[in-house]
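Read-outs throughout are calculated quantities, based only on the coordinates presented, and are distinct from any laboratory measurement. In this text, all values refer to a predicted model and were calculated from it rather than measured experimentally. Cβ placement follows ideal geometry from the backbone for every residue including glycine, while neighbour counts extend to all protein chains displayed.
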Amino acid sequence: MGRILAIDFGKKRTGIAVTDELQIIASGLTTVATDDLLSFLQEYVRKEKVELFVIGEPKQMNNTESESEQYIQPFLTSLQQKFPNIPVERVDERFTSKMAFQTMIDSGLNKKQRRNKALVDEISATIILQSYLYNK
């Protein structure tokens, strides 16, 4: 079995989370500059077997596409061209940033630590991945 890698795509930064090889536990991996995302993924896939990409799907409250989807679509095209043998699934990412922030509060992080947007993105990717694992 390979890992499942989740991506919380952002214009500037992208949070990344992965499962263990048995696809049981979701863990935050890192946050990378979005401009470096494809090269980061190439390097990661070279070292680790990735079975599936799970990408957050931003939606409005009325279930329509969010504005950010316009930035994600070109990335999805590039991702599928670079990794044609790795399938992509989308997961509704509504509220993941709020859930990530609450997770930081519940974990006892102080205000300065909670302002770390890269950590919020990584935790959001983990929540997206946990949601996928729970619903698969």
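Taking the Cα atoms only, what angle lies between the long axis of helix 96-106 and the longest principal axis of the chain, rounded to 10 degrees?
It is inclined by approximately 50 degrees.
What aspartates and glutamates could a cross-link reach from LYS117, if we take a straight Cα to Cα line under 15 Å and drop same-chain neighbours fewer than 8 places away?
The qualifying aspartates and glutamates are ASP8.
Would you calculate a helix-derived [θ] at 222 nm for the chain, using -39,500 (n - 2.57) for each DSSP H run of n ≥ 4 and dividing by the full residue count, to the nearest 500?
Taking each H run of at least 4 residues, the total per residue is -13500 deg cm²/dmol.
Among bridges DSSP assigns within the chain, what percent are antiparallel (round to 5)?
55
Can you flag which of LYS11/LYS82; LYS82/LYS136; LYS49/LYS136; LYS12/LYS49; LYS11/LYS47; LYS82/LYS112 are past 28 Å Cα-Cα?
As for pairs spanning more than 28 Å Cα to Cα, those are LYS82/LYS112.
Which of the peptides 76-88, 9-21, 120-132, 27-39 is most tightly packed, and how do the rest follow, going by the mean number of other Cβ atoms within 10 Å of each residue?
Highest to lowest by the protection proxy: 120-132, 9-21, 27-39, 76-88.
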